[in-house]
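What follows is a single structure, written as structure tokens, with notes after it.
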Amino acid sequence: MHDLLAGLVAGGGGYALLHAVVTRIRRPRHRDDDAPREQARVAPARGEATRDDGSRRDGNRDNGGRGNGGQSGAGTAAALADPVAALPHMLDLLPGACIIFGPRGDLAYASSSARDMFGDTLGAIVRHPATQQLLEQLSTTAETTVALDVPVRRVVRVLMRRIATPSGRNASPRGVVVALLEDRTGQDALDRMRGDFVAHASHELRTPLAALSGFIETLRGPAANDAPARARFLGIMAGQAERMLRLIERLSYLSRVQMVEHQRPRTRVDIAAVVARAMDEARPLLEGADITCALNVAPGVVPVMADGDQIVQVMLNLVGNAIRYAPGVPGRKAHVDIGVANAPGRDGGPHAPWPAGGGVVVTVSDNGPGIPARYLPRVTEQFYRVPGQTQQGTGLGLAIVKHIVDRHGGRLLIESTEGQGTRCMLWLPPADVALGDDSARAQD
């Protein structure tokens with residue numbers, strides 16, 4: 001099917017299919033007299049003429065154009081005179097994402113598959129300099145690759161074909177440009193992850209592996225018969241092995257998040273219930289720790305469009321960080337507070353942290369030592385660890401949180417004051433806004 005769609009634009013067998021379909025629109029087709037009335041009603045709307053319609057038109061010429069087929073014959077004749085007018089209907093029948101460019105290089109039509117797959121990103125794809133440059137230079141067929149970095153990275157292959165239009169009312173000297181959009185984001189993410197693994201993961205794994213090698217060499221030599229030293233070294237080695245295992249698990253999860261980061265969640269969830277589930281899973285982290293943890297859910301929290309499992313992972317990362325660093329101030333009772341509430345009705349001004357239109361804000365705060373302001377811009381980078389902290393993780397937790405938040409179209413705000421603590425705020429758009437956008441696109 002991919003080759004068929006590519007041929008539609010590139011001029012291969014798929015384009016022959018398009019030509020055949022257009023030819024069918026031009027050519028009368030027999031309709032069974034016993035066909036259901038619904039088919040008889042829908043066919044003229046798609047621009048398809050039937051033998052019976054042609055016979056009625058022939059008969060109507062003797063009746064001054066009056067009769068059963070007068071009005072429908074005129075509409076069908078218009079479609080036959082301009083078969084390109086039926087092109088949008090054909091594109092909607094194809095499973096691939098197809099668009100039609102307007103005479104000024106704008107978006108004239110997007111198939112239902114294109115709207116479902118790309119949504120609001122279609123405008124950015126059409127306006128991208130690579131697309132516009134190819135459109136200006138297009139003679140017959142060509143292709144280009146468009147890379148979008150906002151709000152999340154997305155790579156799209158654009159295959160164009162200029163189709164000549166027949167002479168008539170809507171004829172254009174340059175024809176009509178049809179494009180097939182192929183989403184290459186998944187492959188691009190895979191290629192980037194391979195590079196990141198070689199550049200970063202190999203460095204992160206080198207330290208625990210070097211420690212393991214050193215201890216093994218010691219156990220084989222000087223500590224071979226030293227039972228206390230052997231027990232101590234084996235404990236350290238087990239810790240290094242666990243560290244590598246956590247790193248590999250985090251890298252694996254991050255790769256899965258990045259593979260679907262460009263796909264918005266379509267499940268309506270109760271965010272308060274998801275947060276409560278995350279707190280139940282985080283309860284083992286509090287065992288044996290002198291930390292007070294409180295969850296406060298405001299009444300009337302609106303639902304959101306989200307991936308529940310990913311939001312649970314976000315909460316586990318944020319709450320886990322808070323529990324890890326909250327006891328860092330001697331003489332202070334450590335506490336972690338989690339809150340869920342509707343976003344305040346901000347006007348969307350320059351100082352408002354959340355977009356206008358509502359939404360939900362989830363807050364995780366602690367009274368730990370805090371993070372120096374100069375390090376805050378980098379805390380969501382992969383493998384970044386704040387210098388000077390006694391507790392060190394894999395450096396991937398907040399990076400995973402950021403990618404998940406980006407996938408949901410949300411925002412992450414981290415505030416911290418040295419000596420007072422850190423507050424992480426997650427904003428998610430309301431479900432009715434997402435549903436309204438989908439409905440609006442469906443009606444376009």
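The values are calculated or read from the model by the stated rules, or taken from the named source; none is laboratory data. What you are looking at is a predicted structure, and each value in this text was computed from that prediction instead of being measured. Here the Cβ positions follow ideal geometry from the backbone for every residue, glycine too, while neighbour counts run over all protein chains shown.
Of G339, G359, all but one fail to be of a type in the set (G, A, S) and buried (at least 20 other Cβ atoms within 10 Å of the Cβ); the exception is G359.
Cβ-Cβ distances below 7 Å connect the following pairs, each with a first residue in the stretch 239-258 that is on the phi < 0 side of the Ramachandran plot and among the charged types (D, E, K, R), a second residue that is at pLDDT below 80 and part of a helix (DSSP H, G or I), and a separation of six or more residues or different chains: R243/P208. Say whether the condition of being among the aliphatic types (A, V, I, L, M) and in contact with a Pro (Cβ under 7 Å, 6 or more places away or on another chain) is met by at least one residue in the stretch 314-330. Checked against the condition, which is being among the aliphatic types (A, V, I, L, M) and in contact with a Pro (Cβ under 7 Å, 6 or more places away or on another chain), the stretch 314-330 yields at least one hit.
The set of residues from the stretch 258-290 being at pLDDT below 90 and either assigned to a strand (DSSP E or B) or of a type in the set (V, I, T) (or both) comprises just one member, V260. Pull up the stretch 121-140, narrow it to residues that are under 14 Å from V178 (Cα atoms) and more than 29 Å from the chain's Cα centre (by Cα), then point me to the one that is surrounded by the most Cβ atoms within 10 Å (Cβ to Cβ). Per the stated criteria, the residue is L138. Checking Q310, Q263 one by one, the residue that is of a type outside the set (D, E, K, R), within 21 Å of H403 (Cα to Cα) and either surrounded by 17 or more Cβ atoms within 10 Å (Cβ to Cβ) or without any contact (Cβ under 8 Å) to a residue 24 or more places away in the chain (or both) is Q310 and no other. Per the listing T218, T141, T145, T165, the residue uniquely at pLDDT below 70, of a type in the set (V, I, T) and farther than 25 Å from G395 by Cα is T165. Whether any residue in the stretch 358-366 is outside any strand (DSSP E or B), modelled with pLDDT of 85 or more and under 23 Å from P430 (Cβ atoms) is what I want to check. Among the residues of the stretch 358-366, at least one is outside any strand (DSSP E or B), modelled with pLDDT of 85 or more and under 23 Å from P430 (Cβ atoms), which makes the answer yes.
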